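Values in this text are rule-based calculations from the coordinates and carry no lab data. Since the structure is predicted, the reported quantities are computational estimates derived from the model, not experimental observations. Reconstructed Cβ throughout: ideal geometry from the backbone, glycine too, with neighbour counts over all protein chains shown.
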């Protein structure tokens, strides 16, 4: 009897626990993990570059909470505007499945947006700019009249601009307390390593933006959302994403041995570390590519999540290399 009761409790969790589970799904966990790793990783990169005594964990704390709230706002708004599409493409999402009501989703998004901007304002203009621009692009991506997700280029532009440029360069300047009123120019304030990472992430985010629509072709066609998958087909879109990621990894390997891009004081073993790790990740990607069945939605979705894991890995590899080279 006790065993039966325990099984029943697992199937029917406490209402508050069930709501938290729905909220976690609503926040799209893979994006939450990606945002968290990038915010922490950029802090460690900036610390490795400047090694000053002025680093305070409250800067990191504000950035994490503000960016995570902004993340929930962006992905939540996208779900609010795509409920009917998600009933076809992603029926397990909380709004599409009915786990959360539209009103609950709207309240979560509004609170997350307010918290994101309010907390960011406590960190100063740079953090407010990072969060504000991210929210603005996320809004333009989902909401009419712009609803940029309808257009392949502009949909990709929103994603790689936020992930690759706004977050990377903006948070690096925020952590280093760059002040535009000082004589130091913007380009001089950003180190060669950060330019290399930002370019890498721009390409990576483009590949993610391209790949994410492959399993969603049915719903996108029905609701006239134009994507690369619809325009050029699933196989060509899949190869475009893989070749873009390949170019990112090979580009980082070349950059790690180029003093015009990399700081001259980087030790040879640090460059070797980046070379080995990026070539290893690239080999892993091509091994995983061979297992994908483009006729199987589950297989494609699994590969998409794998690409996100490679994205997570970059914010472990790169900060580790910077810290080891101190």
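Classify segment 122-167 as rounded, prolate or oblate from the Cα gyration tensor: take a ≥ b ≥ c as the square roots of its eigenvalues, call it rounded if a/c is under 1.5, otherwise prolate when a/b beats b/c and oblate if not. All intermediate terms of the calculation are to be shown ahead of the outcome.
Values: a/c = 4.73, a/b = 1.84, b/c = 2.57.
Taking the square roots of the gyration eigenvalues as a ≥ b ≥ c, segment 122-167 is oblate.
Mind ordering 311-322, 79-90, 295-306 by average Cβ neighbours within 10 Å, highest first?
Working: 311-322: 20.3, 79-90: 18.0, 295-306: 14.3.
The peptides rank, most packed first, as 311-322, 79-90, 295-306.
Could you give the angle, 0 to 90 degrees to the nearest 10, between helix 57-80's Cα long axis and the longest principal axis of the Cα atoms of the chain?
Its long axis makes an angle of about 40 degrees.
Rank these for me by crowding, 153, 47, going from fewest to most other beta carbons within 10 Å. Spell out each step's value before the answer.
Numbers: 153 10, 47 18.
In increasing order of surrounding Cβ atoms, one gets 153, 47.
With 10 angstrom as the radius, rank 103, 309 by how many other C-beta atoms surround their C-beta, starting from the fewest.
Ordered by Cβ neighbours within 10 Å, fewest first: 103, 309.
Report, to the nearest 10°, how far helix 268-289 tilts away from the longest principal axis of the Cα atoms in the chain, using its own Cα long axis and a range of 0 to 90°.
Relative to the chain, helix 268-289 is tipped by roughly 20 degrees.
What residue among 122, 93, 42 shows peak mean-square fluctuation when the chain is described by a Gaussian network model with Cα springs under 10 Å?
122
To the nearest 0.05, what FRET efficiency results for residue 140 and residue 221 with a Förster distance of 25 Å applied to their C-beta separation? List each step's numbers first, then the result.
Numbers: r = 23 Å, r/R0 = 0.92.
E(calc), rounded to 0.05, equals 0.60.
Can you sort 194, 252, 326 from fewest to most other Cβ atoms within 10 Å of each residue's own Cβ?
Values: 194 22, 252 26, 326 9.
Ascending number of Cβ neighbours within 10 Å: 326, 194, 252.
For helix 192-211, what angle does its Cα long axis make with the longest principal axis of the chain, in degrees from 0 to 90 and rounded to 10?
With rounding to tens, the tilt is 20 degrees.
Can you pull the one-decimal nm distance between simple spin-label points at residue 323 and residue 239, each 7 Å off the Cα toward Cβ?
Label at residue 323, label at residue 239, 4.1 nm between them.
Pull out a ≥ b ≥ c, the square roots of the eigenvalues of the alpha-carbon gyration tensor of segment 127-209, then state rounded if a/c is under 1.5, prolate if not and a/b is larger than b/c, and oblate in the remaining case.
On the way: a/c = 3.18, a/b = 1.67, b/c = 1.91.
Oblate shape, in that a/c is at least 1.5 and b/c is the bigger or equal ratio.
What is segment 12-118 by shape, rounded, prolate or oblate, if you read a ≥ b ≥ c off the alpha carbon gyration tensor as root eigenvalues and call it rounded for a/c under 1.5, prolate for a/b larger than b/c, and oblate otherwise?
prolate
Picking from 195, 19, 154, which is most flexible by a Gaussian network model of the chain using Cα springs under 10 Å?
19
Taking 22 Å as R0, compute the FRET efficiency from the Cβ-Cβ separation of residue 257 and residue 195 and round it to 0.05.
Values: r = 15 Å, r/R0 = 0.70.
Result of the calculation: an efficiency of 0.90.
Once the piece of chain linking residue 279 and residue 297 is laid out straight, how much longer is it, given 0.36 nm per residue of separation minus the C-alpha distance between them?
Values: separation 18, 0.36 × 18 = 6.48 nm, distance 2.83 nm.
Gain on extension, residue 279 to residue 297, equals 3.7 nm.
Per residue and in Å³, how big is the convex hull formed by the alpha-carbon atoms of the chain? Display every interim value, and only then the final one.
On the way: hull volume 55.1 nm³, N = 326.
Once divided by residue count, the hull of the chain is 169 Å³.
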